[in-house]
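Engineer: Take this structure, written in structure tokens, and hold onto it; I'll ask about it next.
The values are calculated or read from the model by the stated rules, or taken from the named source; none is laboratory data. Remember, it's a predicted structure, so these values are computed and weren't measured experimentally. So basically every Cβ, Gly included, is an ideal-geometry build from the backbone, and we count neighbours across all protein chains shown.
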Amino acid sequence: MTATQFSIIFIATLAFTTLAKLWLARRHLAHIAAHRAAVPDAFREQIQLTDHQKAADYTTAKTRFAMLGIQFDAALLLVFTVGGGIQLINNLCRGWFDSTLAQGMATMVAVLMLSSLLEVPFNLYRTFRIEARFGFNNMTLKLYLTDAIKGLLVGAILGLPLLFGVLWLMARMGDYWWLYVWAAWVVFNLLILFIYPTFIAPLFNKFSPLQDEAMKARIEALLARCGFTASGLFVMDGSRRSAHGNAYFTGFGKTKRIVFFDTLLARLNVDEIEAVLAHELGHFKHHHVIKRIVSTFALSLGFLWLLSMLMKTGWFYLGLGVNTQSTALALLLFFLVMPVFSFLLSPIMSAYSRKHEFEADAYAAKQTAASDLVNALVKLYQDNAATLTPDPLYSKFYDSHPPAAVRIAHLQAQ
């Protein structure tokens, strides 16, 4: 293959992917608008028309804004690659550093930092205009900036040593460097799973032990029935940033924690909270977390092997606007363009995730009353202004959870 041929393939694939995303978004908007006037039959007794229309308007606003982001991301990728942006940044870094490893790290960090800075206006608008307009944002500009600085510092402390190690292994380990890098990547991710609950998450949120003794007793009884052990039950001050509610497991092994958003506890009753937790325990019981970790590691191994093949070819670099061959540039280019070529895998990954959600719902229905989980889900859809009428094809591509009507119908069938 020649560089020109690969450039044509890349640009054509990027155009196809971008147009497909915009087409799916337009379908989604049209489907929501067509069903905005009436609450779906399955929800008419629980959801008011005003709440249904708020969810439709909120989803519409987010989707329209996301369409702008899709076009911006495509344009930025073109500027970085065939537009010569990465080559320009690499030339500057080569003038600043003598070491090839330092040049590579500087180029990668510069590109990632520039991308992050260009995303800031989008994040600000999303948080302080869209989320605020619909009553979900509780974050102040000061808190936003504090989070950004903390995130930058944590990313530097964890990411820079990892990046250095990866580039060093790529340069020193010969043809099988990808196996060594993959092993380092696996160890790093497992380490993050262990340290995140105790050292990273508390930097951004306050976690307090659950104080409600009656609720705590119910939850501990459920955990005992399900054979699940946790290092604690915690309430997170999610309301500092958003009115959205959630609950999740975090950690691995002995560091596992069960975390409830304070907004969730304020909205659901004890039976509904127990049902939501039973759903999360269903993920544990069916080993979904382990399966996802294993599948992610397997995909990363395959991607690293593919990268080891591509970085030996001149057309890979030249076709993406780079005339300098190096391990750092190969790694950067690969992970920038891979989402373009893997877009059609999205519905497969989403279907895999939705399968796990159905299994977790079925498990919850055996441990608690299915009606309690249904009631909890309806409240969460209502409080989070999640649309009850997504476009079916859009949902197949993007939704990690089943559509509301389908999910609740499955539960009611239990």
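Engineer: Asn189 fails exactly one of the following numbered conditions: (1) touching a Lys or Arg at 6+ places or on another chain (Cβ under 9 Å); (2) of a type in the set (S, T, N, Q); (3) touching a residue at least 40 places away in the same chain (Cβ under 8 Å). What is the number of that condition?
Structural biologist: (1)
Engineer: Then there is this: In this structure, does Gly135 turn out to be within 27 Å of Thr263 (Cα to Cα), assigned to a loop (DSSP other than H, G, I, E, B), out of contact with any Ser or Thr (no Cβ under 6 Å at 6 or more places or on another chain) and not basic (Lys, Arg)?
Structural biologist: Taking the combined requirement at face value, the residue satisfies it.
Engineer: Okay, moving on. Which ones in region 121-147 are without any contact (Cβ under 8 Å) to a residue 24 or more places away in the chain and farther than 17 Å from Thr63 by Cα?
Structural biologist: Across region 121-147, the qualifying residues are Thr140, Leu141, Lys142, Tyr144, Leu145, Thr146.
Engineer: In region 156-178, which residue that is surrounded by 13 or more Cβ atoms within 10 Å (Cβ to Cβ) and without any contact (Cβ under 8 Å) to a residue 24 or more places away in the chain is farthest from Val109 (Cα to Cα)?
Structural biologist: Met173
Engineer: What is the residue count in region 366-409 for residues that are among the charged types (D, E, K, R), free of Cβ contacts under 8 Å to residues at least 60 places away in the same chain and part of a helix (DSSP H, G or I)? Spell out how you get there, then give the answer.
Structural biologist: Filtering region 366-409 down to residues among the charged types (D, E, K, R) leaves 366, 372, 379, 383, 391, 396, 399, 407.
Still in the list and also free of Cβ contacts under 8 Å to residues at least 60 places away in the same chain: 366, 396, 399, 407.
Next, only the ones that are part of a helix (DSSP H, G or I) stay: 366, 396, 407.
Residues meeting the conditions: 3.
Engineer: Of everything in region 66-84, what is in a helix (DSSP H, G or I) and either of a type in the set (A, V, I, L, M, F, W, C) or touching a Lys or Arg at 6+ places or on another chain (Cβ under 6 Å) (or both)? Give them in sequence order. Before the answer, list the steps.
Structural biologist: So the first thing to find is which residues in region 66-84 are in a helix (DSSP H, G or I), and the list is 66-80.
Result: Ala66, Met67, Leu68, Ile70, Phe72, Ala74, Ala75, Leu76, Leu77, Leu78, Val79, Phe80.
Engineer: Go through the residues of region 305-320 one by one and say whether even a single one is touching a residue at least 12 places away in the same chain (Cβ under 8 Å) and in contact with a Leu (Cβ under 6 Å, 6 or more places away or on another chain).
Structural biologist: Yes, some residue in region 305-320 is touching a residue at least 12 places away in the same chain (Cβ under 8 Å) and in contact with a Leu (Cβ under 6 Å, 6 or more places away or on another chain).
Engineer: Only one of these is under 20 Å from Trp23 (Cα atoms) and among the polar types (S, T, N, Q): Ser326, Ser346, Ser371, Ser353. Name it.
Structural biologist: On the way: Ser326 fails: under 20 Å from Trp23 (Cα atoms); Ser371 fails: under 20 Å from Trp23 (Cα atoms); Ser353 fails: under 20 Å from Trp23 (Cα atoms).
Sole residue among the options that is under 20 Å from Trp23 (Cα atoms) and among the polar types (S, T, N, Q): Ser346.
Engineer: Residues being over 19 Å from Ala360 (Cβ atoms), β-branched (Val, Ile, Thr) and surrounded by fewer than 19 Cβ atoms within 10 Å (Cβ to Cβ): count how many of those fall in region 254-307. Don't jump to the end; show me each part of the working.
Structural biologist: If we filter region 254-307 for residues that are over 19 Å from Ala360 (Cβ atoms), which is where we start, we get 254-255, 262-263, 265-267, 269-270, 297-307.
Next, only the ones that are β-branched (Val, Ile, Thr) stay: 255, 263, 270.
From what is left, the residues that are surrounded by fewer than 19 Cβ atoms within 10 Å (Cβ to Cβ) are 255, 270.
Going through region 254-307 one residue at a time, the tally reaches 2.
Engineer: Can I ask one more? Is there a residue in region 52-65 that is among the acidic types (Asp, Glu), under 18 Å from Gln382 (Cα atoms) and not in a helix (DSSP H, G or I)?
Structural biologist: No, region 52-65 has no match at all.
Engineer: Scan region 1-35 for residues that are among the basic types (Lys, Arg) and either buried (at least 18 other Cβ atoms within 10 Å of the Cβ) or closer than 30 Å to Lys312 by Cβ (or both) and jot them down.
Structural biologist: Lys21
Engineer: Working only within region 343-396, note down all residues that are within 24 Å of Arg27 (Cα to Cα), more than 20 Å from the chain's Cα centre (by Cα) and surrounded by 16 or more Cβ atoms within 10 Å (Cβ to Cβ).
Structural biologist: Gln382, Leu388, Thr389, Asp391
Engineer: While we're on this one: Output the number of residues of region 68-91 satisfying the condition of being closer than 24 Å to Pro121 by Cα, in contact (Cβ under 8 Å) with a residue 60 or more places away in the chain and not small (Gly, Ala, Ser).
Structural biologist: Number satisfying all stated conditions: 5.
Engineer: Continuing with this model, one more query. Name the residue that is surrounded by the most Cβ atoms within 10 Å (Cβ to Cβ), counting only residues in region 37-67 that are of a type outside the set (Val, Ile, Thr) and free of Cβ contacts under 8 Å to residues at least 24 places away in the same chain.
Structural biologist: Here the residue is Gln53.
Engineer: Go through region 325-342 and give me each residue that's surrounded by fewer than 16 Cβ atoms within 10 Å (Cβ to Cβ) and either under 19 Å from Ile86 (Cα atoms) or of a type in the set (S, T, N, Q) (or both).
Structural biologist: Gln325, Phe335, Met338, Pro339, Ser342
Engineer: Related question: Which residues, taken from region 117-145, are surrounded by 14 or more Cβ atoms within 10 Å (Cβ to Cβ), more than 18 Å from the chain's Cα centre (by Cα) and over 19 Å from Ala385 (Cα atoms)?
Structural biologist: Listed by number, the list holds a single entry, Tyr144.
Engineer: What are the pairs, 6+ residues apart or on separate chains, where a residue within region 213-226 that is within 13 Å of Ala275 (Cα to Cα) and charged (D, E, K, R) has its Cβ under 7 Å from a residue that is at pLDDT 85 or above and part of a helix (DSSP H, G or I)?
Structural biologist: Note: pairs meeting the criteria are Arg218/Val270; Arg218/Glu274.
Engineer: Please go through region 292-328 and pick out each residue that is over 25 Å from Leu345 (Cβ atoms) and part of a helix (DSSP H, G or I).
Structural biologist: Within region 292-328, Gly314, Leu318, Thr327, Ala328 qualify.
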